[in-house]
1. Would you check if there is a residue in the stretch 222-239 being touching a strand residue (DSSP E or B) at 6+ places or on another chain (Cβ under 6 Å) and either part of a strand (DSSP E or B) or within 16 Å of ligand 2 (Cβ to nearest atom) (or both)?
2. In the stretch 32-75, which residue that is touching a residue at least 12 places away in the same chain (Cβ under 8 Å) and of a type in the set (Asp, Glu) is nearest to residue 98 (Cα to Cα)?
3. Output the qualifying pairs, or none if there are none: Cβ atoms under 9 angstrom, residues six or more apart or on different chains, first residue in the stretch 155-175 and more than 26 Å from residue 125 (Cα to Cα), second residue modelled with pLDDT of 95 or more and polar (S, T, N, Q).
4. Output yes when any residue across the stretch 93-115 is surrounded by fewer than 21 Cβ atoms within 10 Å (Cβ to Cβ), among the polar types (S, T, N, Q) and touching a strand residue (DSSP E or B) at 6+ places or on another chain (Cβ under 7 Å), and no when none is.
5. In the list 193, 142, which residue meets the criterion of being buried (at least 19 other Cβ atoms within 10 Å of the Cβ) and modelled with pLDDT under 95?
6. So, of the residues in the stretch 81-129 that are among the aromatic types (Phe, Trp, Tyr) and within 30 Å of residue 22 (Cβ to Cβ), which turns out to be nearest to ligand 2 (Cβ to nearest atom)?
7. Residues of the stretch 266-307 being closer than 30 Å to residue 237 by Cβ, touching a residue at least 24 places away in the same chain (Cβ under 8 Å) and among the charged types (D, E, K, R), which ones?
Amino acid sequence: MIPLASPIKPVAAWAGTDQIRGRTLRSVTMILLAGGCRWGRCRMCGYHHVRDSAVDEAARLKSLQSQLAWVSDNLPLDKADLIKVYTSGSVLDHCEVPTAFLEDLCRIAAGKTLLFETRPEFVEEEVIGRCIDSLKGEQEDPVLYVAIGLETTSDAVRDYSIRKGFSWADFRDAASRAHRAGAGVKAYLLHKPLFLTERQALDDMHRSIQEVLPYADLISLNPATVQKGTEMERFWRQGAYRPAYLWSVLSVLLGAQVNVTCDPVGGGHARGPHNCGTCDRDILPAIRDFSLTGDRALLDALVKRGCACQREWEFILDEERPFRMPLTR
Ligand code: SF4
Ligand SMILES: [Zn+2]
(Lines give C-alpha, C1' and ligand atoms only; values in the text may rest on other atoms or scores of the structure.)
(Ligands and ions follow the chains in the order given, each with its own letter.)
Protein backbone atom coordinates (compact mmCIF):
# COMPACT_ATOMS: atom_id res chain seq x y z
CA MET A 1 0.00 0.00 0.00
CA ILE A 2 1.11 3.56 -0.63
CA PRO A 3 1.36 5.41 2.70
CA LEU A 4 -0.92 8.44 2.53
CA ALA A 5 0.75 10.27 5.42
CA SER A 6 2.17 13.74 4.70
CA PRO A 7 1.90 13.84 0.90
CA ILE A 8 4.56 15.98 -0.81
CA LYS A 9 3.69 17.92 -3.94
CA PRO A 10 5.60 16.61 -6.99
CA VAL A 11 7.51 18.93 -9.33
CA ALA A 12 4.33 19.09 -11.45
CA ALA A 13 1.22 17.01 -12.02
CA TRP A 14 -1.90 17.55 -14.08
CA ALA A 15 -4.90 15.83 -15.63
CA GLY A 16 -5.59 16.06 -19.35
CA THR A 17 -6.19 14.06 -22.50
CA ASP A 18 -3.80 12.28 -24.80
CA GLN A 19 -4.12 10.55 -28.10
CA ILE A 20 -2.61 7.10 -28.49
CA ARG A 21 -3.06 5.29 -31.79
CA GLY A 22 -6.26 7.10 -32.62
CA ARG A 23 -7.80 6.67 -29.17
CA THR A 24 -8.36 9.68 -26.93
CA LEU A 25 -7.44 8.79 -23.37
CA ARG A 26 -8.00 10.61 -20.10
CA SER A 27 -4.56 11.02 -18.66
CA VAL A 28 -2.76 12.02 -15.49
CA THR A 29 0.81 13.21 -15.93
CA MET A 30 3.27 13.55 -13.06
CA ILE A 31 6.83 14.85 -12.92
CA LEU A 32 8.37 13.45 -9.76
CA LEU A 33 11.39 14.63 -7.84
CA ALA A 34 13.82 11.70 -7.76
CA GLY A 35 17.56 11.10 -7.66
CA GLY A 36 18.31 13.13 -10.79
CA CYS A 37 19.80 12.14 -14.11
CA ARG A 38 23.09 10.27 -13.77
CA TRP A 39 24.16 11.40 -17.24
CA GLY A 40 23.35 15.09 -16.82
CA ARG A 41 25.44 16.36 -19.74
CA CYS A 42 22.99 17.17 -22.52
CA ARG A 43 23.62 20.64 -23.91
CA MET A 44 19.99 21.77 -23.87
CA CYS A 45 18.82 20.15 -20.62
CA GLY A 46 17.99 22.29 -17.64
CA TYR A 47 16.76 19.40 -15.53
CA HIS A 48 19.97 17.74 -14.44
CA HIS A 49 20.26 19.91 -11.34
CA VAL A 50 16.71 18.87 -10.30
CA ARG A 51 17.27 16.11 -7.74
CA ASP A 52 16.03 15.25 -4.29
CA SER A 53 18.19 15.50 -1.18
CA ALA A 54 17.49 11.93 -0.07
CA VAL A 55 20.47 10.45 1.73
CA ASP A 56 19.61 6.83 1.02
CA GLU A 57 17.26 4.59 -0.93
CA ALA A 58 14.73 4.37 1.92
CA ALA A 59 14.42 8.17 2.10
CA ARG A 60 14.10 8.39 -1.69
CA LEU A 61 11.39 5.73 -1.72
CA LYS A 62 9.48 7.53 1.02
CA SER A 63 9.68 10.84 -0.86
CA LEU A 64 8.45 9.26 -4.11
CA GLN A 65 5.62 7.47 -2.35
CA SER A 66 4.58 10.73 -0.70
CA GLN A 67 4.52 12.46 -4.10
CA LEU A 68 2.42 9.67 -5.54
CA ALA A 69 0.08 10.00 -2.55
CA TRP A 70 -0.25 13.73 -3.37
CA VAL A 71 -1.21 12.89 -6.96
CA SER A 72 -3.66 10.30 -5.71
CA ASP A 73 -5.25 12.86 -3.32
CA ASN A 74 -5.43 15.72 -5.81
CA LEU A 75 -6.01 14.29 -9.29
CA PRO A 76 -8.55 11.85 -10.73
CA LEU A 77 -6.17 8.90 -10.96
CA ASP A 78 -9.02 6.40 -10.72
CA LYS A 79 -10.74 7.89 -13.79
CA ALA A 80 -7.56 8.06 -15.88
CA ASP A 81 -6.93 5.60 -18.73
CA LEU A 82 -3.30 6.62 -19.06
CA ILE A 83 -0.74 7.50 -16.40
CA LYS A 84 2.45 9.21 -17.56
CA VAL A 85 5.42 9.38 -15.23
CA TYR A 86 8.56 11.46 -15.66
CA THR A 87 11.48 12.29 -13.40
CA SER A 88 14.38 14.58 -14.27
CA GLY A 89 16.11 11.49 -15.56
CA SER A 90 15.16 7.83 -15.97
CA VAL A 91 12.33 6.06 -14.18
CA LEU A 92 14.08 2.74 -14.82
CA ASP A 93 17.40 3.78 -13.26
CA HIS A 94 17.20 2.10 -9.85
CA CYS A 95 19.67 4.64 -8.43
CA GLU A 96 17.23 7.43 -9.28
CA VAL A 97 14.01 5.53 -8.62
CA PRO A 98 14.05 2.55 -6.22
CA THR A 99 12.66 -0.64 -7.73
CA ALA A 100 10.03 -0.83 -4.99
CA PHE A 101 8.55 2.42 -6.30
CA LEU A 102 8.16 0.92 -9.75
CA GLU A 103 5.94 -1.67 -8.09
CA ASP A 104 3.90 1.13 -6.47
CA LEU A 105 3.46 2.77 -9.87
CA CYS A 106 2.33 -0.48 -11.48
CA ARG A 107 -0.09 -1.12 -8.64
CA ILE A 108 -1.70 2.31 -8.98
CA ALA A 109 -1.82 1.97 -12.79
CA ALA A 110 -3.17 -1.60 -12.81
CA GLY A 111 -5.88 -1.95 -15.46
CA LYS A 112 -4.73 1.27 -17.14
CA THR A 113 -1.93 2.18 -19.54
CA LEU A 114 1.34 3.33 -17.99
CA LEU A 115 4.00 5.36 -19.77
CA PHE A 116 7.35 6.32 -18.29
CA GLU A 117 10.54 7.86 -19.60
CA THR A 118 14.00 6.37 -19.37
CA ARG A 119 17.38 6.37 -21.04
CA PRO A 120 17.89 3.23 -23.18
CA GLU A 121 20.65 1.67 -21.05
CA PHE A 122 18.16 1.04 -18.22
CA VAL A 123 15.62 -0.88 -20.31
CA GLU A 124 15.70 -4.49 -19.08
CA GLU A 125 13.39 -7.06 -20.60
CA GLU A 126 12.76 -8.80 -17.29
CA VAL A 127 11.83 -5.59 -15.43
CA ILE A 128 9.50 -4.51 -18.25
CA GLY A 129 7.91 -7.97 -18.28
CA ARG A 130 7.22 -7.79 -14.54
CA CYS A 131 5.63 -4.35 -14.91
CA ILE A 132 3.38 -5.62 -17.69
CA ASP A 133 2.28 -8.61 -15.61
CA SER A 134 1.11 -6.36 -12.81
CA LEU A 135 -0.56 -3.86 -15.15
CA LYS A 136 -2.62 -6.27 -17.22
CA GLY A 137 -6.38 -5.81 -17.13
CA GLU A 138 -9.11 -5.36 -19.71
CA GLN A 139 -7.33 -2.56 -21.57
CA GLU A 140 -6.09 -2.83 -25.12
CA ASP A 141 -2.42 -3.66 -25.61
CA PRO A 142 0.16 -2.43 -25.02
CA VAL A 143 -0.40 -1.62 -21.35
CA LEU A 144 3.06 -0.13 -20.96
CA TYR A 145 4.95 2.38 -23.09
CA VAL A 146 8.65 2.94 -22.59
CA ALA A 147 9.46 6.49 -23.69
CA ILE A 148 13.02 7.33 -24.72
CA GLY A 149 14.50 10.70 -25.65
CA LEU A 150 16.20 9.51 -28.81
CA GLU A 151 16.19 13.13 -30.11
CA THR A 152 17.43 12.24 -33.62
CA THR A 153 18.44 9.14 -35.57
CA SER A 154 21.69 10.87 -36.56
CA ASP A 155 24.58 9.86 -34.29
CA ALA A 156 26.54 12.93 -35.43
CA VAL A 157 23.78 15.34 -34.42
CA ARG A 158 23.14 13.47 -31.14
CA ASP A 159 26.85 13.51 -30.28
CA TYR A 160 27.88 17.03 -31.32
CA SER A 161 24.69 19.06 -31.00
CA ILE A 162 23.16 17.33 -27.98
CA ARG A 163 25.87 15.29 -26.23
CA LYS A 164 23.33 12.65 -25.36
CA GLY A 165 25.75 9.86 -24.61
CA PHE A 166 24.04 6.99 -26.40
CA SER A 167 23.76 5.89 -30.00
CA TRP A 168 21.02 5.13 -32.50
CA ALA A 169 22.01 1.46 -32.15
CA ASP A 170 21.57 1.71 -28.34
CA PHE A 171 18.06 3.02 -28.90
CA ARG A 172 17.20 0.26 -31.37
CA ASP A 173 18.49 -2.40 -28.97
CA ALA A 174 16.48 -0.94 -26.08
CA ALA A 175 13.38 -0.75 -28.29
CA SER A 176 13.84 -4.45 -29.18
CA ARG A 177 14.13 -5.39 -25.49
CA ALA A 178 10.99 -3.39 -24.65
CA HIS A 179 9.08 -4.91 -27.58
CA ARG A 180 10.20 -8.45 -26.73
CA ALA A 181 8.82 -7.93 -23.23
CA GLY A 182 5.50 -6.78 -24.72
CA ALA A 183 5.76 -3.01 -24.20
CA GLY A 184 5.24 -0.23 -26.73
CA VAL A 185 7.96 2.30 -27.44
CA LYS A 186 7.62 6.05 -27.66
CA ALA A 187 10.42 8.09 -29.21
CA TYR A 188 10.92 11.78 -28.42
CA LEU A 189 12.62 13.73 -31.18
CA LEU A 190 14.31 17.08 -30.54
CA HIS A 191 13.68 19.62 -33.27
CA LYS A 192 16.62 21.98 -33.74
CA PRO A 193 19.34 21.29 -31.21
CA LEU A 194 22.45 23.51 -31.20
CA PHE A 195 24.70 24.13 -34.22
CA LEU A 196 22.15 23.25 -36.93
CA THR A 197 20.70 25.65 -39.45
CA GLU A 198 16.93 25.85 -39.81
CA ARG A 199 17.18 23.71 -42.96
CA GLN A 200 19.49 21.11 -41.37
CA ALA A 201 17.17 20.85 -38.35
CA LEU A 202 14.14 20.44 -40.61
CA ASP A 203 15.82 17.74 -42.68
CA ASP A 204 17.04 16.03 -39.51
CA MET A 205 13.45 15.69 -38.26
CA HIS A 206 11.99 14.56 -41.59
CA ARG A 207 14.67 11.86 -41.84
CA SER A 208 14.48 10.87 -38.15
CA ILE A 209 10.73 10.26 -38.34
CA GLN A 210 11.17 8.03 -41.39
CA GLU A 211 14.00 6.07 -39.80
CA VAL A 212 12.50 5.63 -36.33
CA LEU A 213 9.14 4.43 -37.63
CA PRO A 214 10.03 0.70 -37.64
CA TYR A 215 11.22 0.92 -34.03
CA ALA A 216 8.71 3.23 -32.31
CA ASP A 217 4.97 2.86 -31.85
CA LEU A 218 4.54 6.52 -30.90
CA ILE A 219 6.58 9.54 -31.95
CA SER A 220 6.59 12.92 -30.27
CA LEU A 221 8.23 15.99 -31.77
CA ASN A 222 9.75 18.31 -29.18
CA PRO A 223 10.84 21.65 -30.62
CA ALA A 224 13.81 22.72 -28.47
CA THR A 225 13.31 25.44 -25.87
CA VAL A 226 16.07 27.48 -24.28
CA GLN A 227 16.18 26.42 -20.65
CA LYS A 228 17.91 28.39 -17.94
CA GLY A 229 21.49 27.55 -16.99
CA THR A 230 22.16 25.43 -20.09
CA GLU A 231 24.81 25.55 -22.77
CA MET A 232 22.00 26.24 -25.21
CA GLU A 233 21.12 29.36 -23.24
CA ARG A 234 24.71 30.61 -23.46
CA PHE A 235 24.67 30.32 -27.27
CA TRP A 236 21.20 31.86 -27.43
CA ARG A 237 22.34 34.87 -25.40
CA GLN A 238 25.24 35.34 -27.86
CA GLY A 239 22.81 35.32 -30.77
CA ALA A 240 24.24 31.98 -31.92
CA TYR A 241 21.03 30.00 -31.53
CA ARG A 242 17.40 30.55 -32.50
CA PRO A 243 14.67 27.99 -31.71
CA ALA A 244 12.83 26.56 -34.71
CA TYR A 245 10.27 28.52 -36.66
CA LEU A 246 6.74 27.22 -36.18
CA TRP A 247 6.62 26.97 -39.99
CA SER A 248 9.32 24.32 -39.72
CA VAL A 249 7.35 22.49 -37.03
CA LEU A 250 4.27 22.51 -39.28
CA SER A 251 6.34 21.23 -42.18
CA VAL A 252 7.62 18.30 -40.08
CA LEU A 253 4.17 17.39 -38.77
CA LEU A 254 2.51 17.62 -42.18
CA GLY A 255 5.35 15.77 -43.92
CA ALA A 256 5.18 12.76 -41.59
CA GLN A 257 3.45 9.60 -42.81
CA VAL A 258 2.12 8.92 -39.33
CA ASN A 259 0.58 11.10 -36.66
CA VAL A 260 3.36 12.69 -34.72
CA THR A 261 2.29 14.45 -31.54
CA CYS A 262 3.75 17.79 -30.52
CA ASP A 263 3.36 20.16 -27.58
CA PRO A 264 5.45 23.23 -28.42
CA VAL A 265 6.50 24.22 -24.90
CA GLY A 266 7.43 27.90 -24.73
CA GLY A 267 5.87 28.36 -28.17
CA GLY A 268 5.50 31.95 -29.39
CA HIS A 269 8.28 33.19 -27.07
CA ALA A 270 11.91 33.99 -27.84
CA ARG A 271 13.05 30.96 -25.84
CA GLY A 272 10.70 28.56 -27.64
CA PRO A 273 9.69 27.74 -31.22
CA HIS A 274 8.26 30.92 -32.71
CA ASN A 275 7.39 32.84 -35.85
CA CYS A 276 6.73 36.58 -35.97
CA GLY A 277 4.63 36.68 -32.82
CA THR A 278 1.32 37.28 -34.59
CA CYS A 279 0.61 34.08 -36.53
CA ASP A 280 1.96 32.11 -33.55
CA ARG A 281 -1.33 32.75 -31.75
CA ASP A 282 -3.26 30.67 -34.30
CA ILE A 283 -0.60 28.08 -35.02
CA LEU A 284 0.13 26.99 -31.44
CA PRO A 285 -3.42 25.92 -30.50
CA ALA A 286 -3.76 24.27 -33.92
CA ILE A 287 -0.66 22.14 -33.26
CA ARG A 288 -1.99 21.14 -29.83
CA ASP A 289 -5.37 20.34 -31.36
CA PHE A 290 -3.68 18.26 -34.07
CA SER A 291 -1.88 16.24 -31.38
CA LEU A 292 -5.24 15.28 -29.91
CA THR A 293 -7.23 14.69 -33.09
CA GLY A 294 -4.70 13.90 -35.80
CA ASP A 295 -6.78 16.12 -38.08
CA ARG A 296 -4.42 17.78 -40.57
CA ALA A 297 -7.03 20.07 -42.17
CA LEU A 298 -6.48 22.96 -39.77
CA LEU A 299 -2.68 22.81 -40.11
CA ASP A 300 -3.01 22.69 -43.90
CA ALA A 301 -5.34 25.71 -43.83
CA LEU A 302 -2.89 27.71 -41.69
CA VAL A 303 -0.02 26.97 -44.05
CA LYS A 304 -2.16 28.00 -47.05
CA ARG A 305 -3.30 31.19 -45.31
CA GLY A 306 0.33 32.04 -44.52
CA CYS A 307 1.75 35.18 -42.95
CA ALA A 308 4.29 37.81 -43.98
CA CYS A 309 6.91 35.96 -41.90
CA GLN A 310 6.60 32.85 -44.08
CA ARG A 311 8.85 34.52 -46.68
CA GLU A 312 11.41 35.28 -44.01
CA TRP A 313 11.38 31.57 -43.03
CA GLU A 314 11.81 30.49 -46.66
CA PHE A 315 14.71 32.91 -47.03
CA ILE A 316 16.34 31.53 -43.84
CA LEU A 317 15.92 27.97 -45.11
CA ASP A 318 17.75 28.86 -48.31
CA GLU A 319 20.40 31.24 -47.06
CA GLU A 320 21.41 30.31 -43.52
CA ARG A 321 24.86 28.71 -43.41
CA PRO A 322 26.18 26.35 -40.70
CA PHE A 323 28.90 27.15 -38.16
CA ARG A 324 32.23 25.74 -39.24
CA MET A 325 32.85 23.58 -36.20
CA PRO A 326 36.13 21.64 -36.34
CA LEU A 327 35.61 17.94 -35.70
CA THR A 328 39.11 17.52 -34.30
CA ARG A 329 41.18 19.52 -31.83
S1 SF4 B 1 18.04 15.35 -21.48
FE2 SF4 B 1 17.59 13.53 -20.25
S3 SF4 B 1 19.47 12.31 -20.44
FE4 SF4 B 1 20.03 14.39 -21.04
S5 SF4 B 1 20.79 15.37 -19.16
FE6 SF4 B 1 18.60 15.85 -19.34
S7 SF4 B 1 17.55 14.31 -18.13
FE8 SF4 B 1 19.63 13.53 -18.54
ZN1 LIG C 1 3.89 35.39 -38.87
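1. As a first pass, look at the stretch 222-239 and keep what is touching a strand residue (DSSP E or B) at 6+ places or on another chain (Cβ under 6 Å): 222-224.
Narrowing the set further to residues that are either part of a strand (DSSP E or B) or within 16 Å of ligand 2 (Cβ to nearest atom) (or both) leaves 222-223.
Scanning the stretch 222-239 turns up at least one residue that is touching a strand residue (DSSP E or B) at 6+ places or on another chain (Cβ under 6 Å) and either part of a strand (DSSP E or B) or within 16 Å of ligand 2 (Cβ to nearest atom) (or both).
2. 57
3. Here the result reads 157/200; 157/208; 159/167; 161/152; 161/154; 162/152, each pair linking the stretch 155-175 to a residue that is modelled with pLDDT of 95 or more and polar (S, T, N, Q).
4. no
5. Working: 193 fails: modelled with pLDDT under 95.
Only one candidate qualifies: 142.
6. Of everything passing the filter in the stretch 81-129, 86 is nearest to ligand 2 (Cβ to nearest atom).
7. Listed by number, the residues that qualify are 271, 280, 288.
So that you can scan it fast, the table gives a plain yes or no per residue for (1) in contact with a strand residue (DSSP E or B) (Cβ under 8 Å, 6 or more places away or on another chain); (2) of a type in the set (Lys, Arg); (3) closer than 27 Å to residue 18 by Cα:
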site: 252; (1), (2), (3): yes, no, yes
site: 259; (1), (2), (3): yes, no, yes
site: 269; (1), (2), (3): no, no, yes
site: 275; (1), (2), (3): no, no, yes
site: 301; (1), (2), (3): no, no, yes
site: 308; (1), (2), (3): no, no, no
site: 315; (1), (2), (3): no, no, no
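The values are calculated or read from the model by the stated rules, or taken from the named source; none is laboratory data. None of the values given here were measured: they were computed from a predicted structure. Cβ atoms come from the backbone with ideal geometry, glycine included; neighbour counts cover every protein chain shown.
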